[in-house]
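The values are calculated or read from the model by the stated rules, or taken from the named source; none is laboratory data. Every value quoted in this text rests on a predicted model; they were computed, and no experiment measured them. Here the Cβ is made from the backbone with ideal geometry for all residues, glycine too, and neighbour counts use every protein chain on show.
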Amino acid sequence: MKQLLGQIIRSREFLVLVLLALMVLAVSTVNSAVLKPVTLINIINSSLFLMLIATGQMFVILTRGIDVSVGATAGLSAVVFGFALNAGIPLPIAMLTALLTGAAAGAVNAVGIVFGKIPPIIMTLGTLGIYRGLMRMLTGGSWIESIPQSIKSFAVTRFLFLPLMVWAMIGVVILVVVLMRRIKAARFFYAVGDNREGAYLLGIPVRSTEFMAYTLAGLFSGAAAIVFVGQIGFVPMQTGSGQELKAIAAVVLGGVSLMGGVGTVFSAVIGALFLTTVDSMMIFLKIPGSWNDAVAGAVLLIVVVSDYMIRRTVRARQLNARAKEIAISEQTTSNHQTTKVSP
Amino acid sequence: MLAVVLVVELGVLGTINPVFLNYQNLLFSTSDFVPVIIAAIGLTLVIMTGGIDISGVSVMGLSSIVLGLSFVAGAPIGFAVLIALGTGTAAGAFNGTVVARTDINPLVVTLAMLFFYSGVAAGLPTLLDVLGFKAYGAGGFEAYQYEGITGLPDSFIWLGNGMIGPVPMPLVLTILITIAASWLMLFTRFGRFLKLIGVNKDAAIYSGVPVGRTLVRVYAINGFTAAVAGLVLTAYFTSARSDLGSEALLNIITAVVLGGSSIYGGQGSVLGTFLAGLVLGYLRQGLLALGITSNIIPIIVGGLLISSVGFKILSGYLNEKRANQRAYSRERLTVNKSEG
């Protein structure tokens, strides 16, 4: 138990969570309205979209890939979801359609990357354009409105103070955590990302693991689309635009390494929460919203650079300790030798 | 190869729509897309080293807004241009410093800076407003948000809309930058260093290449070209805006990759990027001239990006297979001879 606690305290996720709490507290000294439950719930509520696409992104980055098409995938799924609802398809089936659209879009990425051996950033940058173009083509460039407003009931209905969607998100996080712990195949994401050749030689199905990662990224983008449409009740053309980079930033902020093999769901969720909170805090400090990106960028840079410096110091300390050990052992052996030789 | 593609493309578009194929149209339509080429040339040098800098698209907006603000703050236009170019170069150099000094993935560094620079560009005008500069004329800040900073002098607008002989200024600038960057790549030690770092960074360090300094410089060059691209766009639209270029990332990277650069570094050519940029730009113009809506164009650009890399990978695979087969049959031959 104690060991687990120590692990948690030393993790990057915890560091970011502490920073997050400090930031909220600091802002509350200026404007105490921040600490009202309503505000906090609103912040969580508005970070759901980013949390979901960041979680999907996490699987891809774990395998040392990258997916810059998740925002466009979410947009495409949102359009399909909107069409499905407008066609009078019952809600559960419409949701399934949106999820499948996302998963299919992810699978297309996977085909190019896994079987076509196209570098992930190129493939997904290409599909970013393709999905965004498809989205505009399907709608003719106009917004999808007149969606049955019953869809918004999900976002509005509350259960134990929290909107249903927040509960759903908590459920998703718990589900993913449990699955990642319990299913053997979940470890494959880490293995493939950490050492692809090693994983291959161990008999891990590298290709299907990568395929799965991109499909999951698409699936989660589909889920994000459902949340988005549920919250605002229509589908604007900008849906998901620019969110792919935000998702990568969130995941990296939360401690997932782009070199693969490091990170958890909490990284994605906490990172997304952090970025959304930054946006909200600006409002409470009465700073114009146009500075949001500057703060988000600065935070991301500071976190990754300080992470690097901590790693470097730890490494230097380890090496120093090692050098001392060697020096001592050399001394003793040389002493030993002199005593042997002298008589 | 790309030159052939360009000629074929122009030929096909020209036969479908003869109006498209007159030299004046061909020259003038370049002004719409050459800023992408200018930014892509800087990125080509960065990608040579195996790095990447996606923050260029934000630097375009940043340099544009810095130019506009220093002009309304009273700087002569020439000085304002220098400040804007200096800002872009410094922004790039900062990226390079972080990339060179740490082991953080360049994509992460420049992602953070992409947000940072675009946020600063978007925020600066509001800051001036708070500080009490009446920078935006009678319309005030509201008007600025829609129009950008207008009223730039003609000598600056000339950069975007002027001509030297029959050639529009933006194209002249692009060609100059292409020549300068090609010279850097092909005829200087710096160019060799870029390639060596891209092929094998460790080997470069061990053979005494000043890796850190080279990286800082190449990212600074990228910042500079992005700033030039931003200024050309500003002059072309006759208004300074912070969100210039925010949609250009896909086009810029496509131009670099289509131009033959490998995203893994060590391979690439400035001329290739230039030609690929022309191919992409004319494709866009041609399709628009044929009445295809701009909605479909990202689909085509994206498809082109994927298929060009896919084609390269496939042809590499086939070449290797053929070489192996040839070697194998040669081996068989000598074995047969020695046995016979």
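Have a look at B:Ile37, B:Ile54, B:Ile41, B:Ile47 and point out the one that is over 23 Å from A:Asn292 (Cβ atoms), within 14 Å of chain A (Cβ to nearest Cβ) and within 16 Å of the chain's Cα centre (by Cα).
Exactly one of B:Ile37, B:Ile54, B:Ile41, B:Ile47 is over 23 Å from A:Asn292 (Cβ atoms), within 14 Å of chain A (Cβ to nearest Cβ) and within 16 Å of the chain's Cα centre (by Cα), namely B:Ile47.
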Which residues, taken from the stretch A:16-39, are free of Cβ contacts under 8 Å to residues at least 12 places away in the same chain and either part of a helix (DSSP H, G or I) or touching a Phe, Trp or Tyr at 6+ places or on another chain (Cβ under 6 Å) (or both)? A:Val18, A:Ala21, A:Leu22, A:Leu25, A:Ala26, A:Ser28, A:Thr29, A:Ser32, A:Leu35, A:Val38
Would you confirm whether or not the stretch A:223-232 contains a residue that is within 13 Å of the chain's Cα centre (by Cα), within 14 Å of another protein chain (Cβ to nearest Cβ) and surrounded by 23 or more Cβ atoms within 10 Å (Cβ to Cβ)? no
Among the residues listed as B:Ile54, B:Ile77, the single one being in contact with a Ser or Thr (Cβ under 8 Å, 6 or more places away or on another chain) and surrounded by fewer than 20 Cβ atoms within 10 Å (Cβ to Cβ): B:Ile77
Using beta carbons and a limit of 9 Å, which pairs, at least six apart or on different chains, have the first residue in the stretch B:99-111 and farther than 11 Å from A:Ala249 by Cβ and touching a residue at least 60 places away in the same chain (Cβ under 8 Å) and the second one of a type in the set (Phe, Trp, Tyr) and surrounded by fewer than 19 Cβ atoms within 10 Å (Cβ to Cβ)? B:Arg101/A:Tyr308
Among the residues of the stretch A:8-28, is there at least one that is more than 17 Å from A:Gly254 (Cα to Cα) and exposed (fewer than 11 other Cβ atoms within 10 Å of the Cβ)? no
Tell me which of these A:Gly263 doesn't satisfy, since it passes every other one: (1) within 21 Å of A:Ser69 (Cβ to Cβ); (2) outside any loop (DSSP other than H, G, I, E, B); (3) not polar (S, T, N, Q). (2)
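Of these, B:Gly198, B:Gly151, B:Gly160, which one is over 22 Å from the mean Cα position of the chain (by Cα) and of a type in the set (Gly, Ala, Ser)?
Criteria check complete, one pass: B:Gly151.
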Collect the residues in the stretch B:115-128 that are at the interface with another protein chain (Cβ under 7 Å from one of its Cβ atoms) and not aromatic (Phe, Trp, Tyr), keeping them in residue-number order. B:Ser118, B:Gly119, B:Val120, B:Ala122, B:Gly123, B:Thr126
Taking helices (runs of 4 or more DSSP H) that fall entirely within the stretch B:235-340, which contain at least 2 residues that are facing another protein chain (nearest Cβ under 10 Å) and under 30 Å from A:Gln243 (Cβ atoms)? B:249-258, B:297-339
Go through the stretch A:34-59 and count every residue that is surrounded by 12 or more Cβ atoms within 10 Å (Cβ to Cβ) and over 14 Å from the mean Cα position of the chain (by Cα). 10
Out of all the residues in the stretch B:287-307, which are modelled with pLDDT of 85 or more and of a type in the set (S, T, N, Q)? B:Ser307
Output the number of the condition that A:Lys117 fails; it satisfies all remaining conditions of (1) more than 14 Å from every other protein chain (Cβ to nearest Cβ); (2) without any contact (Cβ under 8 Å) to a residue 12 or more places away in the chain; (3) among the basic types (Lys, Arg). (1)
If I ask for residues that are at the interface with chain B (Cβ under 10 Å from one of its Cβ atoms) and either crowded, with 24+ Cβ neighbours inside 10 Å or not small (Gly, Ala, Ser) (or both), which ones from the stretch A:237-250 would you list? A:Met237, A:Leu245, A:Lys246, A:Ile248, A:Ala249
Result of the Cβ filter at 6 Å on the stretch A:305-316, keeping first residues that are within 8 Å of another protein chain (Cβ to nearest Cβ) and partners that are of a type in the set (A, V, I, L, M, F, W, C) and assigned to a helix (DSSP H, G or I), at least 6 apart or interchain, is none
Scanning the stretch A:138-176 for residues that are out of contact with any strand residue (DSSP E or B) (no Cβ under 8 Å at 6 or more places or on another chain), in a loop (DSSP other than H, G, I, E, B) and without any contact (Cβ under 8 Å) to a residue 60 or more places away in the chain gives A:Gly140, A:Leu160
